[in-house]
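What follows is a short report on a single structure.
The values are calculated or read from the model by the stated rules, or taken from the named source; none is laboratory data. In this text, all values refer to a predicted model and were calculated from it rather than measured experimentally. Cβ coordinates were reconstructed from backbone atoms using ideal geometry, including for glycine residues, and neighbour counts include every protein chain displayed.
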Ligand SMILES: [Fe+2]
């Protein structure tokens, strides 16, 4: 516009027939021409000529009135012209006759006085000026197209980068199969943070193979404005959609699929599935920003995340299955040992239970408590190497027999030391008969020399021994047992642990004692229990 005006051309936009559309130059005086019959006849004639020209050229449409066309093309078709209006020497305002219909006389007078002093174009150079301006226009258009292309690429690159970045950060979260709820919560939050969705949820299938706390779990992240029920109420709908999903593909649900405005307009449902096996789903909706439609980058992100989470959940299943088998095997092994003596049936399991409870009470981490539970379960495994007659002997043991019993921690240690997954519980097995004052066995360790795990098991072991009937004495009542433990604090037991121990809630323990007692009654007639 500026270049044209510098060359003395004032710009209007007209339709292909020459009809006025609007003024491009901000020159008020020219408004007078828009309703002028003579001027319109000139424009119409010029448009006729241009329609027949391959490259429309400047034309003297009336004496001294030059019209310079710049076609506006869409898909190579001319949809309008921007016309440069130039006044050459020889133009006279008198040609216009009377003012146009929408121009009152005062404005017309202003136009006439403006035109007297308006810059004149030079007809001889108009062809050159036109060619130059067309070239400039072409360059400008090309530049604009380039800018648009670059902007498009930039947007795509940004989207691709964000997708990769999100996937990378989600990939890094897939760690701890022992704590899957945490991992899934982190992934859900990450998806919510890295996308424009105002709510994201992960639903774990109600599959009995999962650990109990994980079956049917619903983990969600959303902004404060969202009413949770709005999308939670539609989970059945999401699940239904994910069953029909083409293996692992993201599904977009809309109003016609039953998605209300409050959670839509589109909801992405990503089944966590492979080979027809569904382990859950991820869903997200209420995309914010300018574009509410879910993009291909977002579906790509969901599909890849769905794949990740599927592999992760498969590992969780595998880990859980192994853990259950492992614990089951340990339980069977220790129960077999406990059964050698009818008075110690269930002892190892109860010691495991109490040890873990004490570990929790003194603030140990869940994974540490779990290891202490296992250590409690296997602490007396060495008794397998002690003759049954000695273990179940009603009266006092001879020194020689007592030596045999005292060997069980070391025998247990030797039995278990070659099992890699039990290596970390060996200190509990070896040292559960050490005493805080150093008068225990097998190594006579004292104080903090004794591994914490062993100090904990020692308390649980003694408590259970005193609380149950043994071949050599009857069970002691609960209050006496606790008094005895308090009395031995600082001698046999670490004082702090003993104080924490006597405060434990023993109801679950008592329940187990009753169960073990009932099992014993069931087995009462079998010769092995006699
Ligand atoms: Fe023991």
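Miscellaneous remarks
- Condition met for residue 383 (within 15 Å of the ligand (Cβ to nearest atom) and over 20 Å from residue 351 (Cβ atoms)): no
- Filter result for residue 370 (surrounded by fewer than 22 Cβ atoms within 10 Å (Cβ to Cβ), within 42 Å of the chain's Cα centre (by Cα) and more than 17 Å from residue 463 (Cα to Cα)): yes
- Residue match in the range 200-211 (condition: over 30 Å from residue 322 (Cβ atoms), in contact with a strand residue (DSSP E or B) (Cβ under 9 Å, 6 or more places away or on another chain) and in a strand (DSSP E or B)): yes
- Only one of the listed residues (328, 307) is surrounded by fewer than 17 Cβ atoms within 10 Å (Cβ to Cβ) and within 20 Å of the chain's Cα centre (by Cα). That residue is 307.
- Condition check for residue 389: modelled with pLDDT under 95, out of contact with any strand residue (DSSP E or B) (no Cβ under 7 Å at 6 or more places or on another chain), within 13 Å of the ligand (Cβ to nearest atom) and in a helix (DSSP H, G or I): no
- Candidate set from the range 455-482 (those that are in a helix (DSSP H, G or I) and without any contact (Cβ under 8 Å) to a residue 40 or more places away in the chain); member that is surrounded by the most Cβ atoms within 10 Å (Cβ to Cβ): 458
- Of the numbered criteria (1) in contact with a helix residue (DSSP H, G or I) (Cβ under 8 Å, 6 or more places away or on another chain); (2) surrounded by fewer than 16 Cβ atoms within 10 Å (Cβ to Cβ); (3) assigned to a helix (DSSP H, G or I), the one residue 172 fails is (1).
- Condition check for residue 448: outside any strand (DSSP E or B) and within 20 Å of residue 375 (Cα to Cα): yes
- Test: residue in the range 273-293 that is under 18 Å from residue 185 (Cα atoms), in a helix (DSSP H, G or I) and in contact (Cβ under 8 Å) with a residue 12 or more places away in the chain: no
- Conditions (1) under 24 Å from residue 495 (Cα atoms); (2) within 16 Å of the ligand (Cβ to nearest atom); (3) in contact (Cβ under 8 Å) with a residue 40 or more places away in the chain; number of the one not met by residue 361: (2)
- Annotation: residue 116 fulfils all but one of (1) buried (at least 17 other Cβ atoms within 10 Å of the Cβ); (2) in contact with a helix residue (DSSP H, G or I) (Cβ under 9 Å, 6 or more places away or on another chain); (3) farther than 17 Å from residue 42 by Cα; the unmet one is (1).
- When residue 444 is tested against (1) away from the ligand (no atom under 14 Å from the Cβ); (2) within 26 Å of residue 488 (Cα to Cα); (3) under 42 Å from the mean Cα position of the chain (by Cα), just one condition goes unmet, and that condition is (3).
- Flag for residue 418 being touching a residue at least 12 places away in the same chain (Cβ under 8 Å), surrounded by fewer than 17 Cβ atoms within 10 Å (Cβ to Cβ) and farther than 29 Å from residue 516 by Cα: no
- Residues of the range 392-403 that are assigned to a loop (DSSP other than H, G, I, E, B) and either over 13 Å from residue 337 (Cα atoms) or within 14 Å of the ligand (Cβ to nearest atom) (or both): 393, 394, 395, 396, 397, 398.
- Within the range 413-427, if we keep just the residues that are under 12 Å from residue 382 (Cβ atoms) and in a helix (DSSP H, G or I), the residue that is nearest to the ligand (Cβ to nearest atom) turns out to be 413.
- Exactly one residue out of 97, 135, 143 is surrounded by fewer than 16 Cβ atoms within 10 Å (Cβ to Cβ) and at pLDDT below 85, and it is 97.
- Some residue of the range 335-348 being closer than 17 Å to residue 428 by Cβ and modelled with pLDDT of 90 or more: yes
- So residue 441, is it assigned to a loop (DSSP other than H, G, I, E, B), modelled with pLDDT under 95 and surrounded by 13 or more Cβ atoms within 10 Å (Cβ to Cβ): yes
- Just so you know, in the range 483-504 the residues that are without any contact (Cβ under 8 Å) to a residue 60 or more places away in the chain and part of a loop (DSSP other than H, G, I, E, B) include one that is nearest to the ligand (Cβ to nearest atom), and it is 492.
- Residue 374 vs. criteria away from the ligand (no atom under 12 Å from the Cβ), in contact (Cβ under 8 Å) with a residue 24 or more places away in the chain and in contact with a helix residue (DSSP H, G or I) (Cβ under 7 Å, 6 or more places away or on another chain): yes
- Test: residue in the range 373-384 that is modelled with pLDDT under 95 and surrounded by fewer than 19 Cβ atoms within 10 Å (Cβ to Cβ): yes
- The one condition in (1) within 15 Å of the ligand (Cβ to nearest atom); (2) farther than 16 Å from residue 461 by Cα; (3) in contact (Cβ under 8 Å) with a residue 24 or more places away in the chain that residue 406 fails to fulfil: (2)
- Condition check for residue 349: out of contact with any helix residue (DSSP H, G or I) (no Cβ under 6 Å at 6 or more places or on another chain), part of a helix (DSSP H, G or I) and within 12 Å of the ligand (Cβ to nearest atom): no
- Wholly within the range 23-98, strands (runs of 3 or more DSSP E) carrying at least 3 residues that are closer than 16 Å to residue 5 by Cα: 65-74, 77-87
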